[in-house]
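Notes to accompany the following structure.
The values are calculated or read from the model by the stated rules, or taken from the named source; none is laboratory data. Being a predicted model, the structure only gives us computed values, none of them experimental. Here Cβ is always computed from backbone atoms with ideal geometry, including for glycine, and neighbour counts include all displayed protein chains.
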Amino acid sequence: MDPLRLTGRIDGGNPQDESAICQTADRNFLIKPYSEDGDAGYKFRLDVDVENPEGCEADLSLIIDWGEAQYNQYRDVVYLGTGGDDWQPFEGRIEDSRVLLDLKVPAGKSHLTLNPSYNYSRYMELIGRLDEGAPFSKSLLHTTDRGRKVYLLRAGGERRTSKRILVTGRTHPYESAGSYAVEGIVEGMVDGLYREQLKDSDVWILPMMCPDGVADGMCRLNGPGAPDLSREIDSGNPLCQAYMDLINEIKPTFFLEFHNWMLRNNDGIFYLSWWPMMATIWRLRRRIPETRRKPMIRGLDRWIMKRRAAGLKGYAAEHHSARCMTVEYPWYGRNVADIKGLGMQTLLAVVPIA
Ligand SMILES: [Zn+2]
């Protein structure tokens, strides 16, 4: 009986340190996921490859030690994928700081993850698939000091208009649903399905805000010590500065940031004031089938006061009066097609207030 092998030393892997995955028996492993800043409220990343050299399905027992118990109620479902967009959820049981799982892994290679994976290579494939002018132009905005590329996609409205929408994903690297939402938008626009509804809008898309953070398995930041781009501005950070320069160049009227929180039974919407928020929720309700959406938590401070946007959104609001919106779409109970659909429908729902 050949032993199973697990490794996080992959694009998007976590933990990448080999000593954080410990084989305790042929089919038993102890995994200690990594967080770059120790923030338990963002420690939601686990991404490992599983290799099963047997020619048939094998049992795998896992102890995932998250180091603290506080948020384990959001960490007891993991997904197993074998390539493509099929992710099967498995539910474990919580024991204090640890989550215990018994599952069956198929022969060959599979992938185990807390949120369905979307790594740097997949993003580069998406960029590679886009031919110039169809309908995007793409440009290289920035190369990180680790050599990862930040691409900007631009789709122009057919008329020159005042709606300039900036769409971003993966500001927080663990939040893979943001990538699928953005991919849904890109594919929808390539298919030309919504040309009429978007004809008065210029749309810029940054599919992967933190490419190092995604590739290197970070949770919240592009790397240890980097700013949280949804909360902070740091002009001494070259990546952050590149985004500030872009915002000053395109002067967005609307900034749409896709996030993926771990709350299971609610979606979230933030940073709009009361009426635009309610109108957007109403439009989303018309666009998204009831079985595909969750009750919205509205991010408002003290009844109807909108919460102040910070980080790059705050910068765009302050310098260019951009209206800002963050949406939180969790994976729980959803598949890739659901998340892609949410991405496209969310963009369409904000066009009237952009
Ligand atoms: Zn987030």
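Applying the criterion of being of a type in the set (A, V, I, L, M) and more than 15 Å from the ligand (Cβ to nearest atom) to the residues of the range 302-341, the residue that is surrounded by the fewest Cβ atoms within 10 Å (Cβ to Cβ) is MET305.
The listed residues are ARG27, ARG5, ARG45, and the only one of them that is in contact (Cβ under 8 Å) with a residue 24 or more places away in the chain, within 19 Å of CYS219 (Cα to Cα) and in contact with a strand residue (DSSP E or B) (Cβ under 7 Å, 6 or more places away or on another chain) turns out to be ARG45. Do you know which residues across the range 189-202 are surrounded by 15 or more Cβ atoms within 10 Å (Cβ to Cβ) and assigned to a helix (DSSP H, G or I)? Residues satisfying the conditions are MET189, VAL190, LEU198.
Given the structure, is MET189 over 15 Å from ASN119 (Cβ atoms) and within 23 Å of the chain's Cα centre (by Cα)? So MET189 fits the description; yes. Return yes or no: is TYR118 within 16 Å of the ligand (Cβ to nearest atom), touching a residue at least 40 places away in the same chain (Cβ under 8 Å) and out of contact with any Leu (no Cβ under 9 Å at 6 or more places or on another chain)? Yes. Pairs meeting the criteria (first residue in the range 81-101 and without any contact (Cβ under 8 Å) to a residue 12 or more places away in the chain, second residue part of a loop (DSSP other than H, G, I, E, B) and β-branched (Val, Ile, Thr), beta carbons under 9 Å, at least 6 apart or on different chains) are GLN88/THR82. Can you find even one residue in the range 259-272 that is out of contact with any Cys (no Cβ under 7 Å at 6 or more places or on another chain) and at pLDDT below 95? Scanning the range 259-272 turns up no residue that is out of contact with any Cys (no Cβ under 7 Å at 6 or more places or on another chain) and at pLDDT below 95. Here TYR180, TYR151, TYR174 are screened, and the one residue that is among the aromatic types (Phe, Trp, Tyr), in contact with a Cys (Cβ under 8 Å, 6 or more places away or on another chain) and modelled with pLDDT of 95 or more is TYR174. Among the residues of the range 93-120, those identified as among the small types (Gly, Ala, Ser) and within 26 Å of PRO3 (Cα to Cα) are ALA107, GLY108, SER110, SER117. Here the strands (runs of 3 or more DSSP E) wholly within the range 31-146 that include at least 3 residues being touching a Lys or Arg at 6+ places or on another chain (Cβ under 8 Å) and surrounded by fewer than 20 Cβ atoms within 10 Å (Cβ to Cβ) are 58-65, 137-143.
Between a first residue in the range 294-319 that is assigned by TED's automatic domain parsing to the domain that holds MET244 and a second residue that is hydroxyl-bearing (Ser, Thr, Tyr), which pairs have beta carbons less than 6 Å apart while being 6 or more apart in sequence or on different chains? Close Cβ pairs satisfying both conditions: LYS306/SER273; ARG307/TYR271; ALA309/TYR271; GLY311/SER230; LEU312/TYR243. Residues considered: VAL182, VAL186. Of these, the only one that is within 16 Å of the ligand (Cβ to nearest atom), under 27 Å from LEU263 (Cβ atoms) and in a helix (DSSP H, G or I) is VAL182. Restricting ASN266, ASN222, ASN248, ASN260 to residues that are assigned by TED's automatic domain parsing to the domain that holds HIS172, surrounded by fewer than 20 Cβ atoms within 10 Å (Cβ to Cβ) and under 19 Å from the mean Cα position of the chain (by Cα) narrows the list to ASN266. Restricted to the range 203-297, the set of helices (runs of 4 or more DSSP H) holding at least 2 residues that are under 30 Å from PRO15 (Cβ atoms) and away from the ligand (no atom under 16 Å from the Cβ) comprises 211-215, 238-250. One residue is enough: does the range 150-170 have a residue meeting the conditions closer than 18 Å to ILE339 by Cβ and of a type in the set (Gly, Ala, Ser)? There is at least one residue in the range 150-170 that is closer than 18 Å to ILE339 by Cβ and of a type in the set (Gly, Ala, Ser).
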